[in-house]
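Student: Mind looking over this structure? Questions follow.
The values are calculated or read from the model by the stated rules, or taken from the named source; none is laboratory data. Here the structure is a predicted model, which means the values were calculated and not measured. FYI the Cβ positions are ideal-geometry reconstructions off the backbone, even for glycines, and counts take in every protein chain you see. Ligands, DNA and RNA are excluded from the accessible area calculation, which covers all protein heavy atoms including side chains. Shrake-Rupley method; radii C 1.70, N 1.55, O 1.52, S 1.80 Å.
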Amino acid sequence: MCGIVGYIGAKNCIPILIGGLKRLEYRGYDSAGIGILTDDSTKVIKSVGKVSVLQEKVDSLDLNANIGIGHTRWATHGVPNEINAHPHMNADGSLLLIHNGIIENYEVLKETLKHFGYEFRSETDTEVLTMLIDSFLKKGHDLLNAVRAALSEVEGTYGIAVIYKEEPDKIVVAKKGSPLVIGIGDNENYIASDVSALVAHTQQVVYLEDGEVAEVYCDKFIAKDVSDKEIEKEVKEITLKLDEISKSGYAHFMLKEIMEQPESICNAMRGRLLLGEGTSKLGGLEDYIDRIVQSKRIIISACGTSWHAGLVGEYMLEQFAEIPTEVEYASEFRYRNPLIYPDDTIIFISQSGETADTLAALKESKRKGALVIGICNVVGSSIARESSTGIYIHAGPEIGVASTKAFTAQLTVLSLLTLLIARKKRMSLVDGQNIVKEIESLPEKIEKILSLDSKIEKIADQFKDAKNFLYLGRGYNFPVALEGALKLKEISYIHAEGYPAAEMKHGPIALIDKDMPVVFLAPKDSTYDKILSNIQEVKARHGRIIAVASESDNRIDKLVDYTIKIPDTIRMLMPILTVVPLQLLAYHIAVKKGLNVDQPRNLAKSVTVE
Ligand code: M6R
């Protein structure tokens with residue numbers, strides 16, 4: 001979603017802003033803009049579409065400035081056009097503002113401001129906030145206090161950065177619900193909504209917390225909390241490296257991230273498996289494990305792909321940890337006043353750690369006294385920081401909007417958690433050791449699946465013109481069917497649905513004819529014979545079938561049109577393998593359709609608005 005970048009120092013800020021915006025492109029956006037402050041004036045340049053379009057415009061102007069802010073906008077209020085793009089400015093152009101988040105009461109504020117003579121050019125909530133700050137400047141406040149006063153009237157979420165011609169030595173930033181990071185340089189400072197925009201310049205960062213504001217100068221920053229008290233902020237070191245956020249020779253980030261899975265899964269389990277004891281070690285949980293083991297119920301809450309990971313977690317935890325587990329969409333959970341008991345453990349799963357609904361559900365659960373565990377990828381993200389404790393999945397930066405390696409790393413971590421609890425309960429040493437060995441063998445098995453890439457590409461060629469797809473699986477592979485369908489729809493724009501295979505007869509079978517491709521997840525497990533019956537039912541209706549099956553299976557080939565054979569593992573880990581061919585299938589279909597795989601239309605990498 002929207003991205004923020006800013007610079008103050010001795011260098012020309014233009015290449016820094018454009019470079020930062022390019023790093024933020026993966027978040028998803030539809031227009032972009034920069035605003036700069038030169039000796040005696042401000043200047044704003046905006047464009048619709050890619051940052052490269054903005055860059056062309058900016059390059060043709062030969063600009064130079066030592067302070068500036070930049071923004072990528074993902075439209076919420078008003079269509080993507082230059083007027084609605086950020087920065088927004090006050091009437092005389094002395095005040096420039098960029099904003100991530102949503103001002104919920106903007107209509108009321110706008111009406112009041114109109115009453116006082118303010119005129120609006122855009123349809124955005126952000127312009128309202130700009131004018132509100134301006135109204136406090138006109139009352140004699142300095143920039144910091146005008147920002148604070150305006151924000152005290154605002155309902156909603158924001159990460160903002162503001163520059164003002166009359167106070168040209170600073171950028172004022174504030175945060176509530178949208179991430180905001182200050183990057184510390186040598187006599188220069190940066191601001192961003194995401195550390196990936198800073199990593200080319202500095203490894204030293206300061207995360208603002210909700211309610212905090214800061215004045216960022218070139219040689220210092222002053223942060224204040226809600227009560228206007230100056231606060232000492234901890235400077236943190238980011239471990240992110242520039243090459244981790246580049247394509248490293250791959251055509252797309254998504255392909256790179258699919259191919260990285262043997263390594264990302266190794267990173268998720270590194271140092272966490274204890275073969276001798278047949279268990280796992282999760283440092284963050286050590287102080288909480290007794291309470292977790294005694295939980296009467298586990299609730300997992302998340303969105304999108306992370307929610308699918310939660311569904312697999314439900315199967316794992318109920319089967320082995322023997323704790324009743326429920327999985328909730330965070331967006332529903334947060335609003336329905338859920339019943340939460342003191343002996344519940346609530347797990348929030350989020351790749352980005354910034355998803356607005358997941359974060360809000362977490363805060364509500366904490367408020368109700370639950371033990372809250374975050375499973376996140378992005379270190380230092382809001383969900384990671386707000387959780388009582390947590391487990392990082394260590395998948396490394398995921399830039400492609402379609403989540404791939406984060407999903408398999410989430411499942412790996414959920415298997416470690418399951419093992420840890422199960423061994424504290426009734427699981428035997430031998431069974432625990434067997435699971436450890438199986439987890440350790442996953443990277444090699446994924447390598448084998450990835451070597452089928454060109455075969456899967458050929459299958460994709462046969463299906464790229466399909467209008468619909470059905471994905472069917474049972475048990476642990478039902479959530480994988482959902483995930484396979486999500487991958488296909490988000491990057492290829494082909495309508496796809498995932499179902500538990502047995503549900504097919506209760507409706508979706510009506511859709512099956514020669515034009516309906518059906519992907520079956522059919523590894524040899526206890527549901528195999530039942531899946532074969534479902535395959536027969538589709539075949540009898542001339543559906544075209546792709547099956548993901550076990551290497552050892554030589555019955556299935558004659559029943560289906562295409563098979564993708566994968567190595568065997570125990571049932572609880574099977575989703576970590578079966579999902580990989582589905583990721584590749586979706587990827588190749590989207591590429592063959594000529595679509596923008598890494599930045600699909602309308603989607604954002606991290607959904608920071610409700
Ligand atoms: O960062 P999160 O894991 O919280 O994101 C949740 C969803 O927005 C995300 O998984 C989304 O569904 C992806 N585009 C899936 O590929």
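Student: Which of the residue pairs 489/565; 296/487; 57/458; 425/448; 368/487 have a Cα-Cα distance greater than 30 Å in the structure shown?
Tutor: Details: 489/565 24 Å; 296/487 34 Å; 57/458 41 Å; 425/448 34 Å; 368/487 35 Å.
Beyond 30 Å: 296/487; 57/458; 425/448; 368/487.
Student: Go through 408, 323, 380 and say which Cα lies farthest out towards the positive end of the charge dipole of the range 246-440; charges sit on Cβ, +1 for Lys and Arg, -1 for Asp and Glu.
Tutor: The residue sitting farthest along the positive end of the dipole is 380.
Student: Residue by residue, what Karplus-based ³J(HN,Hα) values in Hz, rounded to whole numbers, does the range 384-397 have, using 6.51, -1.76 and 1.60 with θ = phi - 60° and x for Gly and Pro?
Tutor: 4, 6, 7, 5, 5, 7, x, 9, 7, 8, 6, 7, x, x
Student: Then there is this: How large is the charge dipole for the range 460-515, taken about the Cα centre, if only the Cβ atoms of Lys, Arg (+1) and Asp, Glu (-1) carry charge, to the nearest 20 debye?
Tutor: Details: 7 positive and 8 negative charges, 18 e Å.
Approximately 80 debye in magnitude.
Student: Still on this model: Once you sort the root eigenvalues of the Cα gyration tensor of the range 246-440 as a ≥ b ≥ c, which label holds: rounded (a/c under 1.5), prolate (a/b larger than b/c) or oblate (the other case)?
Tutor: On the way: a/c = 1.94, a/b = 1.09, b/c = 1.78.
In terms of gyration-tensor shape, oblate.
Student: Enter the accessible area of residue 425 (Å², nearest 10), with the probe set to 1.4 Å and all protein chains included.
Tutor: 70
Student: Let me ask something additional. Distance check, please: which entries in 50/175; 524/558; 22/464; 22/236 exceed 19 angstrom between their Cα atoms?
Tutor: Working: 50/175 26 Å; 524/558 16 Å; 22/464 30 Å; 22/236 24 Å.
Pairs exceeding 19 Å: 50/175; 22/464; 22/236.
Student: For the chain, give the magnitude of the charge dipole about the Cα centre (Cβ charges: +1 Lys/Arg, -1 Asp/Glu; no others), in debye to the nearest 20.
Tutor: Numbers: 70 positive and 84 negative charges, 349 e Å.
In debye, rounded to 20, the chain gives about 1680.
Student: Quick check on the chain: helices-only [θ] at 222 nm, where DSSP H runs of length 4 and up contribute -39,500 (n - 2.57) each and the sum goes over total residues. Nearest 500, please. Write down the numbers at each step before the final one.
Tutor: Numbers: 19 runs with 207 residues, N = 610.
My calculation for the chain gives -10000 deg cm²/dmol from helical runs alone.
Student: Could you tell me the center-to-center distance, by alpha carbons, between the range 308-327 and the range 1-56 in angstrom?
Tutor: Distance between centres, Cα-based: 44 Å.
Student: For a protection proxy built on the mean count of beta-carbon atoms within 10 angstrom, sort 261-274, 448-461 highest first, please.
Tutor: Details: 261-274: 19.0, 448-461: 16.3.
Per-residue Cβ counts within 10 Å, averaged per peptide and sorted highest first, yield 261-274, 448-461.
Student: A further question on this structure: Cα to Cα, under 17 Å, and not fewer than 8 places away if on the same chain: which aspartates and glutamates meet these conditions relative to residue 592?
Tutor: Partners found: 453, 457, 461, 465, 490.
Student: Based on the alpha-carbon set only, what is the convex hull volume of the range 2-242 divided per residue, in Å³?
Tutor: On the way: hull volume 26.5 nm³, N = 241.
About 110 Å³ per residue, rounded to a whole number.
Student: Return an integer: the convex hull volume of the alpha-carbon atoms of the chain, in Å³ per residue. Walk me through the intermediate numbers first.
Tutor: Details: hull volume 94.8 nm³, N = 610.
Taking the convex hull of the Cα positions in the chain, it is 155 Å³ per residue.
Student: For the charge dipole of the range 2-242, defined by +1 on Lys and Arg C-beta atoms and -1 on Asp and Glu C-beta atoms about the Cα centroid, which residue among 126, 97, 75 has the Cα displaced farthest towards the positive pole?
Tutor: It is 75.
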